[in-house]
Amino acid sequence: MGSEFKTGNNSFTNEEVAAQEERWKFILGFTPTALVKCAIELGIPDILENHESPMTLADLTLELKCSQSTLYRIMRFLKHYKVFQEKPISETSVRYTRTPISRLLTRNGKHSMADLLLLESTPVMLAPWHKLSAWVLGNEVLPFEAAHGNDLWGFGAENPGHSKLFNDGMACDARAGVAAVIGGCPEVFEGVRTLVDVGGGDGTAIRLIVEACPWIKGINFDLPHVVSEAPESEGVEHVGGSMFDHVPKADVVYLMKVLHDWADDDCIAILKKC
């Protein structure tokens, strides 16, 4: 048994004390996401990234035109989570500066994950989690559809704003994933003449592959309403359609990851059609 100590008339083991501390991670686990989302929406990572030197709280307050006392509470929390760091300039004053984490939260940074965090913290993407217990207990409707009356793809077709945010978020993930593939095993693209990215969104992944391997002809394949908004890119053809009906012919099918609406059998069936 672990050692015990008493508080008033109660005695607790070390394990019980640890459990009481851990509970707050579950009760307030949403807080870091909410505070980081707040920082992104305010543009704090971009402000610090673009400023030539660390900024005082007064500098940031002036830039944001907000309450200094309120901003201090936000910055104190984000400093604790190493989103920003403090540089002392006197015994009573500090300046805030960027960190490797904050660089990932700028809106237009090369490796930014800001749009993905903003996507996953929207009410639209959080609502399905409140339907999870019903799904576990036998509700055959997937949590997203139970929350919104439509699946993820149908909801996106009906809500262009969410569709754009979804594709921007997936582009964040694609930049990280493709860089890892090209950097870690570039040989997989040797001899490939045509490559189709199934569910390629705005074409970020296939564009990066073609830029790194210009001998490849890329096909970005996604739903018509998605590819209609995809930017033109040299060496990439955008094709609209449903992957459950057909997949364009190519030497290689690129499938970076399987989203939650897919079942394994569906994936296998799609790949067999290629």
Kindly list the number of the only condition in (1) closer than 25 Å to Pro160 by Cβ; (2) surrounded by fewer than 16 Cβ atoms within 10 Å (Cβ to Cβ) that fails for Val188. (1)
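Name the helices (runs of 4 or more DSSP H) wholly inside the range 1-82 in which the number of residues that are modelled with pLDDT of 95 or more is 2 or more. Steps first, please.
Values: elements: 14-27, 31-42, 44-50, 57-64, 68-80.
Fully inside the range 1-82 and qualifying: 31-42, 44-50, 57-64, 68-80.
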What do you reckon, is Val252 modelled with pLDDT under 95 and crowded, with 19+ Cβ neighbours inside 10 Å? no
Number of the condition not met by Glu91 [criteria: (1) of a type outside the set (Val, Ile, Thr); (2) in a helix (DSSP H, G or I); (3) farther than 18 Å from Ala179 by Cβ]: (2)
Screening Ala180, Ala269, Ala176, Ala263 for residues that are modelled with pLDDT under 85, surrounded by fewer than 17 Cβ atoms within 10 Å (Cβ to Cβ) and within 23 Å of the chain's Cα centre (by Cα) leaves only Ala263
Could you list, in sequence order, the residues of the range 120-154 that are within 20 Å of Phe244 (Cβ to Cβ), modelled with pLDDT of 95 or more and among the aromatic types (Phe, Trp, Tyr)? Phe144
Criterion first (in a loop (DSSP other than H, G, I, E, B), more than 24 Å from the chain's Cα centre (by Cα) and within 22 Å of Phe189 (Cβ to Cβ)) does Val247 satisfy it? yes
Listed residues Val210, Val178, Val188, Val196; which is of a type in the set (Val, Ile, Thr), within 20 Å of Phe244 (Cα to Cα) and in the same structural domain as Pro128 (by TED's automatic domain parsing)? Val196
Go through the range 131-222 and tell me which helices (runs of 4 or more DSSP H), entirely inside it, have 1 or more residues that are closer than 25 Å to Arg103 by Cα, in contact with a helix residue (DSSP H, G or I) (Cβ under 9 Å, 6 or more places away or on another chain) and of a type in the set (Gly, Ala, Ser). 160-184, 204-212
Please give the number of the condition Gly109 fails out of (1) closer than 28 Å to Gly161 by Cα; (2) touching a strand residue (DSSP E or B) at 6+ places or on another chain (Cβ under 6 Å). (2)
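The values are calculated or read from the model by the stated rules, or taken from the named source; none is laboratory data. Everything numeric in this text was worked out from a predicted model, so none of it was measured. Here Cβ is always computed from backbone atoms with ideal geometry, including for glycine, and neighbour counts include all displayed protein chains.
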